[in-house]
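Engineer: Submitted below is the structure of interest, expressed as structure tokens.
The values are calculated or read from the model by the stated rules, or taken from the named source; none is laboratory data. Just so it is clear, the structure is predicted and the values come from calculations on it, not from any experiment. In this analysis, Cβ positions are derived from the backbone assuming ideal geometry, glycine residues included, and neighbour counts consider all displayed protein chains. SASA here: full protein model, heavy atoms, side chains in, ligands and nucleic acids out. Shrake-Rupley method; radii C 1.70, N 1.55, O 1.52, S 1.80 Å.
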Amino acid sequence: MIANELKKRALELLADGTVKRVLGWQKGEFEHDWSPALFETAEEMKGFVYGKYAGANLSKYCLKLNKEEGKTLVMLKPCDTYSFNQLLHEHRLNRENFYIIGVGCKGMEDQNGLLMKCTCCKGKVFELSDEVIDDEESRQPMPEVDRFEQVAKLEQMTHQERFEFWRNELSRCIRCNACRNVCPACTCVKCVFDNPGSGIASKANVTDFEENMFHIIRAYHVAGRCTDCGECSRVCPQNIPLHLLNRKFIKDMNELYGEYQAGEGAEERTPMTSYTLEDVEPGIVHERGNE
Amino acid sequence: MQKIGVFVCWCGSNIAATVDVKAVAEAMKNEDGVVVSTDYQYMCSAAGQKMIQDAIHEHQLDGIVVCSCSPRMHEATFRKTAEAAGLNPYMVEIANIREQCSWIHKDIPEGTEKAIILARSAIAKLRHNMPLQAGTSAVKKRCLVIGGGIAGIQTALDVADAGFEVDIVEKRPTIGGRMAQLDKTFPTLDCSACILTPKMVEASQSEKINIISYAEVEKVSGFVGNFTATIRKKARYVDEVKCTGCGLCMAKCPAKKGKNEFNMELDNRPAIYIPFAQAIPNVAVIDPEQCNKLKNGKCGLCERVCTAGAINYKQEDELIEREYGAIVVATGFQPMDVNPLNELGYAENADVVTSLELERLMNAAGPSKGTLLRPSDGKHPHTIVFVQCVGSRCDENTKRGKPYCSKICCMYTAKHAMLIREKYPDTDVHVFYIDVRTPGKNFDEFYRRAVEQYGVDYIKGQVGKIANENGKLMVQGSDLINGEQITIAADLVVLATAIEPDPTARSIGTMLTSSMDTNDFFTEAHPKLRPVESPTAGIFLSGVAQGPKDIPETVAQAGAAASKVIGLLAKDHLVTNPCVAGSNELLCNGCSQCEKVCPYGAITYIDKEVRGPGVREVRRVAQVNPAVCQGCGACTVTCPSGAMDLKGFSNQQIMAEVDAICL
């Protein structure tokens, strides 16, 4: 079983001093809600779990651990490795501070069944790892689906319908900031929304519409860097389909600048921050906006 | 509290006709910090500027807002005005109430309301302005000329004459450009080659001019005074130094099916060739598409016959990187492709030719050695029809050609008609025209000579169809003056084809961040007052790259561009723009996005100890080199944290402007 093997290997690496701590999962308040957890001793490792409720992407938690003395063992499912790799591209993590175990994944669940992000699985490839612990079943590909289907539906709507769709969805937002705090692309030292000097926070709170803008601004800020890990929608207590905003950007970028997956491979091309003579003219982007 | 002065300009009636300037000045008196607000007919005049200076002294102003034309027009003027009165020039803001307001509104209350909003927004920005100090940067004393036609050659000669080094980068194997292909030139009918080739020789012999032929500019970075260009010198498979231009290789080359580009593909040339006898450099080039040795390794004849040992089949492209203070765009033109205009039958009929093809057919160095013979059967044509405005002056919606007038066609058609009637008086020459446009010194006299002395038959009307009937080209057109449809049975039809910018212009424009119009002609910094400068500092425009023009105009503009280049290169230092970016290290998260978008390479990342309230650690942070930064602002909009900010256009200033308009 993967979980047992993981635990065994983590204990070995702790014991021989390769790593100082282990970033994994432990049981949470609910049966279906396992939380990210840090283990520093064999004793603490007794609480370690891995299985179908280990949906949380641990990449974001590495930011803080990057500053700690000694290596951290981090367990990354295939899709999580894209987030970790993207953070490496952005110089937010040092590779040598982490020992990465790639963990086989059969699709993660919550109380409602398969997670949204697992319904359009990125595949079973690990972008990076020091070793992989998986089994035959976890290597089987998930069924292929069109991840842009819902975005395409939104694009079919009239301006007014789309505006109302988002007004309705975002009206439930309680500004708990969970989406931002879990997002592996949201890595600012100080978020503009927390910085009074930026003048944005005060404006965003003035009316309910401005508060909705929080999500749109956030989508802009992570455009081109979002790996579509789906954590924003997974953690939203109000079930707002926030990933659709990011996915719209991804779809547009794919169509305008060619297929691109943030966090994939070595960083050779970043559609939003690189410029080539073949790039579409801004007018084409504008025309599409008027469709 | 700041003391702000507001000065509303009438611009004669340019602004005052659609904006109630007095009402604008009156309204601004109520804005926070405004201690004086007034209006004047011409604020940029000496009297207007003195009015501003007097107010600065009298009211001890900390900043001024001038409500006038676009800052591109007079921001520099008013900054100088303020500086002379002891005010920091960056405490001046311009509210553009002309281009963006009075010119586009017809209704006075509407225009006035907008002018008030724009003025208010400028005041809101000014409240956050800080005095800025300009620095200096050194000027690289070398000029790059892109394009080696008459425009590029003339600019290079003039710049070199002033003592500066010039590199001409020409994409073809020889300089000379389109002018080298022409037979005679209007209105004096002197031979094109006789006046061009001495200039080509002069350029090649100048110690200051370096001709980089068969080469293209691949990349340009930097800014005015400090450009770095990467030039790809394509492999010509011939050593330029060793080749003597003897032409033996051309005679021996067995692959003689290459289309002769210089003769507009009317005849063939060998795989190894010198484009024409007077080519500079007079060095052969191998066409890799034609050469058997390069294609399949079977030949090598030219290498064997070359006594100079100049042939090198292994030659590779060479990348040259050089620094320049100024760049001149002289990329020229090509005739538009007339194949899509089906009714003119260009694609099907060898005897329907373009005017540039006719130049080669009439040229002593052309395929028929200067005897006018029609391409299909080599016979002398007895009836020739010219069709003007082919692809020019078209309705943009029809997508059949260019909306503009190509300017040179009326004159060269008159020239062709006259030369043919002179040399072959037995030939009937008819010209279909929409209008005959002859503004230019001795131009109308020239055209009248064609009609009156040489009896050329000018028919006002357009051609609807050209059909081949038993070897005769039946030209159907309308004669508007006689009000009838006519058909002329012609032996040769000449299409006065529209000219369009060379296809490389678009990518060069993008490389230079130099703006272009919808037709891909380069845009001037000001259409009337700065016609040879691009809006991008340090980029100058020469010849047809900027718009259709004839040889005298091109030469005049080339000289004007050269004088602007000389003016720039004569300076040792340039005053830099103090509106540069800077990073707040406490907010920077080290993501490198700003570094990626910076077109000038002004941003680097360093590991640095960052100190602030509750923070003391080593972080990877962005640093801006103010000497290299051009203040484009790309980094500030890319930075998700708001750590990057631009002096003079800070996030705070821009938000204040937006708030003043929207709230």
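Engineer: Considering only protein heavy atoms, what is the solvent-accessible area of B:Leu301 at a probe of 1.4 Å, reported in Å² to the nearest 10?
Structural biologist: 60 Å²
Engineer: What is the Rg over Rh value, at two decimals, for the protein assembly as shown, using alpha-carbon atoms and the Kirkwood definition of Rh?
Structural biologist: 1.04
Engineer: Based on the alpha-carbon gyration tensor of chain A, what equivalent-ellipsoid semi-axes (square roots of 5 times the eigenvalues) come out, in whole Å, largest first?
Structural biologist: Rounded to whole Å, the semi-axes are 34, 21, 20.
Engineer: Step by step: find N for the range B:581-647, compute 2.2 N^0.38 Å, then divide the Cα radius of gyration by it. What's the final number?
Structural biologist: 1.04
Engineer: Mean shadow of the range A:233-291, computed from the convex hull of its alpha carbons, in nm²?
Structural biologist: 5.6 nm²
Engineer: List the extent of the Cα atoms of the range A:131-210 along each of their three principal axes, largest first, rounded to whole Å.
Structural biologist: Result, largest extent first: 54, 39, 18 Å.
Engineer: Can you tell me the Rg and Dmax of chain B, counting just the alpha carbons, in angstroms?
Structural biologist: 30.5, 97
Engineer: Project the alpha carbons of the range B:15-114 onto their principal axes and report the range along each, largest first, in whole Å.
Structural biologist: The principal-axis extents, from largest down, are 39, 28, 21 Å.
Engineer: Right, next: Heavy-atom accessible area of B:Asp32 with all protein chains present, probe 1.4 Å, nearest 10 Å²?
Structural biologist: 100 Å²
Engineer: List, in the order given, every pair from B:Lys171/B:Lys571; A:Lys52/A:Lys122; A:Lys122/A:Lys153; A:Lys7/A:Lys52; B:Lys184/B:Lys441; B:Lys199/B:Lys549 whose Cα-Cα distance in the structure shown is over 24 Å.
Structural biologist: B:Lys171/B:Lys571
Engineer: Let me ask something additional. Could you tell me the distance between the Cα centroids of the range B:406-467 and the range B:562-594, to the nearest Å?
Structural biologist: 53 Å
Engineer: Remind me, relative contact order of chain B in percent, using alpha carbon pairs under 8 angstrom and six or more residues apart?
Structural biologist: Values: 1452 pairs, mean separation 85.9, N = 663.
Over chain B, the number comes to 13 percent.
Engineer: Show which aspartates and glutamates lie in cross-link reach of B:Lys257 when reach means a straight Cα distance below 14 angstrom and same-chain residues fewer than eight apart are skipped.
Structural biologist: B:Glu265, B:Asp267, B:Asp287, B:Glu289
Engineer: Leaving ligands and nucleic acids out of the surface, order B:Ile209, B:Ile104, A:Ile284 by accessible area at 1.4 Å, largest first.
Structural biologist: From most exposed to least exposed: B:Ile104, A:Ile284, B:Ile209.
Engineer: Which value, in nm² and rounded to one decimal, describes the direction-averaged projected area of the C-alpha convex hull of the range B:50-181?
Structural biologist: 13.9 nm²
Engineer: Rounded to the nearest 10 degrees, what's the angle between the helix A:2-15 long axis and the longest principal axis of chain A, both from Cα atoms, 0 to 90?
Structural biologist: 70 degrees
Engineer: What is the Cα centroid distance between the range B:14-61 and the range A:149-216, reported in whole angstrom?
Structural biologist: Centre-to-centre (Cα) distance: 43 Å.
Engineer: By what distance, in whole Å, do the Cα atoms of the range B:335-493 stretch along each of the three principal axes, largest value first?
Structural biologist: So the extents along the principal axes, rounded to whole Å, are 41, 39, 32.
Engineer: How are the C-alpha pair distances of the range A:2-139 spread across 10 Å bins, as whole percents from the shortest bin up?
Structural biologist: 12, 45, 36, 7, 0
Engineer: The range B:124-243: D in µm²/s via Stokes-Einstein (Kirkwood Rh, Cα pairs, 37 °C, 0.692 mPa s)? List each step's numbers first, then the result.
Structural biologist: On the way: Rh = 16.8 Å.
It comes out at roughly 195 µm²/s.
Engineer: Let me ask something else about it. At what distance in angstrom do the alpha carbon centres of the range B:118-192 and the range B:519-556 lie from each other?
Structural biologist: 9 Å
Engineer: Express in % the proportion of alpha carbon pairs of the range A:149-272 at distances exceeding 21 Å.
Structural biologist: Values: 3246 of 7626 pairs.
That tail contains 43 percent of the Cα-Cα pairs.
Engineer: Additional query: Please return the longest range in chain A lying between exposed loop sites, taking trypsin sites (Lys or Arg not before Pro), DSSP loop only, at most 13 other beta-carbon atoms within 10 Å, and leaving the sites out.
Structural biologist: A:68-171
Engineer: Mind putting together the pair-distance distribution for the range B:181-250? All Cα pairs, 10 Å bins, whole percent per bin, short to long.
Structural biologist: Histogram of Cα-Cα distances, whole percents per bin: 14, 27, 35, 20, 3.
Engineer: Net charge near B:Gly297, counting Lys/Arg +1 and Asp/Glu -1 over other residues with Cβ under 14 Å of its Cβ?
Structural biologist: On the way: positive: B:Lys293, B:Lys295, B:Lys298, B:Lys314; negative: B:Glu303.
Taking every Cβ under 14 Å from that of B:Gly297, the sum is +3.
Engineer: What are the semi-axes of the equivalent ellipsoid for the range B:213-292, taken as the square roots of 5 times the Cα gyration tensor eigenvalues, largest first, in whole Å?
Structural biologist: Semi-axes, largest first: 30, 14, 12 Å.
Engineer: If you take each beta carbon of peptide B:584-594 and count the beta carbons of other chains within 10 angstrom, what is the mean?
Structural biologist: Mean partner-chain Cβ count within 10 Å for B:584-594: 5.
Engineer: Only helical DSSP H runs with n ≥ 4 go in: add -39500 (n - 2.57) per run for the protein assembly as shown, normalise by residue count and round the 222 nm mean residue ellipticity to 500 deg cm²/dmol.
Structural biologist: Numbers: 30 runs with 288 residues, N = 954.
Using -39500 (n - 2.57) per qualifying helix, the result is -8500 deg cm²/dmol.
Engineer: Looking only at chain B, where both bridge partners belong to it, what percent of the DSSP beta bridges are antiparallel (to the nearest 5)?
Structural biologist: Of all bridge pairs located within chain B, approximately 55 percent are antiparallel.
Engineer: As a test of understanding, state the convex hull volume per residue of the range B:248-305 from its alpha carbons, in Å³.
Structural biologist: On the way: hull volume 4.4 nm³, N = 58.
Roughly 76 Å³ of hull volume per residue.
Engineer: Students often get this wrong: which residues of the range B:429-473 have the backbone nitrogen under 19 Å from the point 7 angstrom along Cα-to-C-beta of B:Asn519?
Structural biologist: B:433-440
Engineer: Further question: At 1.4 Å probe size, with the rest of the protein present, what percent of the exposed accessible area of the range B:1-128 is carbon and sulfur atoms?
Structural biologist: 51 percent
Engineer: Here is a further query. How high is the relative contact order of chain A, in percent, with contacts defined as C-alpha pairs under 8 Å that are six or more residues apart?
Structural biologist: With pairs under 8 Å counted, the relative contact order is 15 percent.
Engineer: Here is a further query. Using just the alpha carbons, could you tell me how many Å³ per residue the convex hull of the range B:444-515 encloses? Numbers along the way, then the final one.
Structural biologist: On the way: hull volume 13.2 nm³, N = 72.
Convex hull of Cα atoms, per residue: 183 Å³.
Engineer: Still on this structure, I have one more. At a probe radius of 1.4 Å, figure out the B/A buried accessible area, summed over both chains, and give it in Å² to the nearest 100.
Structural biologist: By this definition, chains B and A bury close to 1700 Å².
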